[in-house]
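Here is the structure we will look at, set down as structure tokens.
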Amino acid sequence: MREKLRERLPALRVLIIDDNKFSRSLLVTQLASYGIRDVVERADGVEGLKCLQQEAIHMVLLDYEMTPLNGAEFARLVRRDPSIGNPEIPIIMISGYSDLAHVREARDAGVNEFLGKPVSADTLYKRIEHTLLYPRPFVRTEKYVGPMQREERTPPPAQSGKSSVSSVF
């Protein structure tokens, strides 16, 4: 199964939305190391939405802190806007704002996965792999549109001061 994924990666078209050119460049390099070379870059969420309305994209890598739309607002619009051809597109948020409140906001906006910056190439690959190989069912309710959320678990007492992204997604 993982071999088939490696064969599929060069056919993926990935949209990176981040207002920081260096961050986009780093992600492009990481994706190229996995064989993903069809990458579209946008500096803000509005341009990212236009891209999704006009082009066939298979996955979005998204920053949180941007204007005029932050990453969570972008994800909410993607999940609910009828002009988006594929509202179920996998969205991985990669952000320097990785506290529990931002992670929960991203989850509630319909983001598939969340990674804190800086992100290693290995960690990013594993999240892309997991997202593509084990997609969660898509849910549409009055209050939420996005991948089925995992149960939120309380961290063990020894780690109570730390947030765990994987316990939220």
Over all Cα pairs of region 3-67, the Kirkwood radius sets Rh, and Rg/Rh then becomes 0.98
Per-residue accessible area, 1.4 Å probe, largest first, puts Arg37, Arg80, Arg127 in the order Arg37, Arg80, Arg127
Of the accessible area of region 9-51, computed with a 1.4 Å probe and all protein chains kept, carbon and sulfur make up a percent value of 54 percent
Rounded to whole Å², per residue accessible area for the chain with a 1.4 Å probe reads 52 Å²
Residues meeting the amide H criterion for Met59 (H placed from the backbone, H to H distance under 5 Å, 5 or more places apart or on another chain) are Arg13, Leu15
D (µm²/s, integer) via Stokes-Einstein for the chain, Kirkwood Rh across alpha-carbon pairs, 20 °C, 1.002 mPa s: value 132 µm²/s
For region 16-27, Karplus-derived ³J(HN,Hα) couplings (6.51, -1.76, 1.60; θ = phi - 60°; whole Hz; x for glycine and proline) come out as 9, 10, 7, 6, 9, 4, 4, 4, 4, 4, 4, 5
Karplus ³J(HN,Hα) for region 54-64 (6.51 cos²θ - 1.76 cosθ + 1.60, θ = phi - 60°; Hz, whole; x = Gly/Pro) runs 10, 10, 7, 10, 9, 7, 10, 10, 9, 7, 8
To the nearest 20 debye, region 1-114 has a Cα-centred charge dipole, built from +1 on Lys and Arg Cβ and -1 on Asp and Glu Cβ, of 420 debye
Taking r as the C-beta separation of Arg150 and Cys51 and R0 as 25 Å, the FRET efficiency to the nearest 0.05 is 0.30
Note, region 117-133: 3J(HN,Hα) by Karplus (6.51, -1.76, 1.60, θ = phi - 60°), whole Hz, Gly/Pro = x, goes 7, x, 10, 6, 4, 5, 5, 4, 4, 4, 5, 5, 4, 4, 4, 7, 7
Computed over region 42-88, the distribution of all Cα-Cα distances in 5 Å bins, rounded to whole %, is 5, 25, 37, 25, 8
Any residue on another chain or 5+ positions along whose placed amide H is under 5 Å from the amide H of Ile94 is listed here as Leu62, Asp63, Tyr64, Leu115
quick note, the chain, DSSP beta bridge pairs, % antiparallel (nearest 5) is 15 percent
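The values are calculated or read from the model by the stated rules, or taken from the named source; none is laboratory data. Just so it is clear, the model here is predicted, and its values are computed rather than measured. We place every Cβ from the backbone using ideal geometry, glycine too, and count neighbours over all the protein chains shown. Side chains are part of the model used for accessible areas, which takes the heavy atoms of the whole protein and leaves out ligands, DNA and RNA. Shrake-Rupley method; radii C 1.70, N 1.55, O 1.52, S 1.80 Å.
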